[in-house]
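What follows is one structure encoded as structure tokens, with my remarks underneath.
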Amino acid sequence: MDYKVILDKMEKLFINLGFSPIIINNVKFMRYKECYCKITFLKDWSAFVIESADNIQDAKKGVLEDGDLYYTDISESELLSQFRSDLINYYMND
């Protein structure tokens, strides 16, 4: 599984759900209201993680919470489906 291809598809999922890309301290975040998320690939674990902040001040300071891990040992469609579901359930709460 090519992690760069998956990362690109994850970013497209963010945008399709209404997140907007924003650069903070030269780091690309995806913003939905006051939620700031970024995706990190953990090479040693072969997994992606969503790191998030509840406001722009925490995002600027790098005070981020880690979300669930998305391991690359499942199919691409399963990974993206779980990722999409978690974005809606955990990061788009009103």
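The values are calculated or read from the model by the stated rules, or taken from the named source; none is laboratory data. Keep in mind it's a predicted model, so treat the numbers as computed, not measured. Neighbour counts run over all protein chains shown; Cβ positions are idealised from the backbone, glycine included. For the accessible areas, the whole protein counts, side chains as well, though only heavy atoms, and no ligand, DNA or RNA atoms are used. Shrake-Rupley method; radii C 1.70, N 1.55, O 1.52, S 1.80 Å.
What's the number of the condition S46 fails, among (1) open to solvent by 60 Å² or more (accessible area, probe 1.4 Å); (2) of a type outside the set (A, V, I, L, M, F, W, C); (3) at positive phi?
Only one criterion is unmet by S46, namely (1).
Please count how many residues of the range 49-61 are open to solvent by 50 Å² or more (accessible area, probe 1.4 Å) and in contact (Cβ under 8 Å) with a residue 12 or more places away in the chain.
To start, the set of residues in the range 49-61 that are open to solvent by 50 Å² or more (accessible area, probe 1.4 Å) comprises 54, 57, 60-61.
Narrowing further to those that are in contact (Cβ under 8 Å) with a residue 12 or more places away in the chain: 54, 60.
Summing the residues that are open to solvent by 50 Å² or more (accessible area, probe 1.4 Å) and in contact (Cβ under 8 Å) with a residue 12 or more places away in the chain in the range 49-61 gives 2.
Would you check if G67 is touching a residue at least 12 places away in the same chain (Cβ under 8 Å) and on the phi > 0 side of the Ramachandran plot? Please lay out each step first, then the result.
On the way: touching a residue at least 12 places away in the same chain (Cβ under 8 Å): yes; on the phi > 0 side of the Ramachandran plot: no.
Here the answer is no, as G67 does not meet what is asked.
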